[in-house]
1. Among the residues of the range 112-132 satisfying the criterion of being part of a strand (DSSP E or B) and among the hydrophobic types (A, V, I, L, M, F, W, C), which is nearest to ligand 2 (Cβ to nearest atom)?
2. Pairs please, first residue from the range 51-73 and in contact (Cβ under 8 Å) with a residue 24 or more places away in the chain, second anywhere and of a type in the set (Gly, Ala, Ser) and surrounded by 13 or more Cβ atoms within 10 Å (Cβ to Cβ), Cβ atoms under 7 Å, 6+ apart in sequence or on different chains.
3. Would you point out the residue of the range 38-50, among those that are in contact (Cβ under 8 Å) with a residue 12 or more places away in the chain and surrounded by 13 or more Cβ atoms within 10 Å (Cβ to Cβ), that is nearest to ligand 1 (Cβ to nearest atom)?
4. If you take the residues in the range 136-149 that are buried (at least 16 other Cβ atoms within 10 Å of the Cβ) and within 16 Å of ligand 2 (Cβ to nearest atom), which one is modelled with the highest pLDDT?
5. For the range 1-92, list the helices (runs of 4 or more DSSP H) that sit wholly inside it and hold at least 3 residues that are at pLDDT below 90 and of a type outside the set (Asp, Glu); which are they?
Amino acid sequence: MKERSMKTPVLVLVLVLVLAEVHADPFETFKKKHIFEKPENELNCTKFMKTDNLQEKKCRQDKHVIITTKPDEVKNICKDGTKGSHDHYTSKEKFTVIHCHLIKSDKDKDVNSCKYEKEHEEDDNITVKCDNGEPVHLDEEHEKHEEHEEHEKHEKH
Ligand SMILES: *[C@@H]1O[C@H](CO)[C@@H](O)[C@H](O)[C@H]1NC(C)=O
Ligand SMILES: *[C@@H]1O[C@H](CO)[C@@H](O)[C@H](O)[C@H]1NC(C)=O
């Protein structure tokens with residue numbers, strides 16, 4: 001009986017963790033991946049990407065888009081945005097959009113070694129996919145801007 005009372009809390013904990021994983025809130029994930037709530041000059045791409053990298057156990061994508069804003073502002077796009085196809089909504093306002101670019105990753109998969117730099121930033125309308133009134137995916141189709149801006153803005157402080 002004593003042994004059993006020891007095991008029960010462990011089992012409950014495991015169950016809670018499993019359920020938490022299954023029900024991971026997609027908007028929470030979206031926020032962690034794409035939203036930086038402080039002024040954009042405080043954004044350190046390497047630091048920002050670390051949480052995601054630790055979770056994925058690898059250096060995440062080559063290019064990554066971060067928006068500096070309050071989460072509610074992005075959520076509002078699902079209400080006030082212009083509806084496109086397949087539950088995609090485009091904001092009527094412009095957001096500060098920052099592009100982080102992976103510049104270093106080790107083959108030994110030490111996620112602490114992943115380094116990113118700010119490639120450029122711009123003010124642009126953003127498009128998100130909404131599910132149950134919440135953003136769950138950000139369309140990262142800004143490549144077209146990068147080609148000509150990369151040269152000008154590289155190493156600009
Ligand atoms: C960003 O953070 C990393 C790791 O915390 C640090 O090594 C790097 O110098 C920082 N970059 C800038 C531009 O502050
Ligand atoms: C983008 O935002 C601007 C406001 O900054 C707005 O005038 C324009 O209509 C928006 N574009 C789209 C496609 O919604």
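The values are calculated or read from the model by the stated rules, or taken from the named source; none is laboratory data. These numbers were taken from a predicted model, which means no experiment stands behind them. All Cβ positions, glycine included, derive from the backbone under ideal geometry; neighbour counts span all protein chains shown.
1. Val128
2. Cys59/Ser105
3. Thr46
4. Across the range 136-149, the extreme among qualifying residues is Leu138.
5. The qualifying helices (runs of 4 or more DSSP H) are 2-22, 45-56.
Okay, residues lined up against (1) surrounded by fewer than 12 Cβ atoms within 10 Å (Cβ to Cβ); (2) within 16 Å of ligand 1 (Cβ to nearest atom); (3) of a type in the set (A, V, I, L, M):
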| position | (1), (2), (3) |
| --- | --- |
| Thr68 | no, yes, no |
| Asp72 | yes, no, no |
| Gly81 | no, no, no |
| Gly84 | no, no, no |
| Thr96 | no, no, no |
| Ile103 | no, yes, yes |
| Val111 | no, yes, yes |
| Tyr116 | no, yes, no |
| Glu121 | no, yes, no |
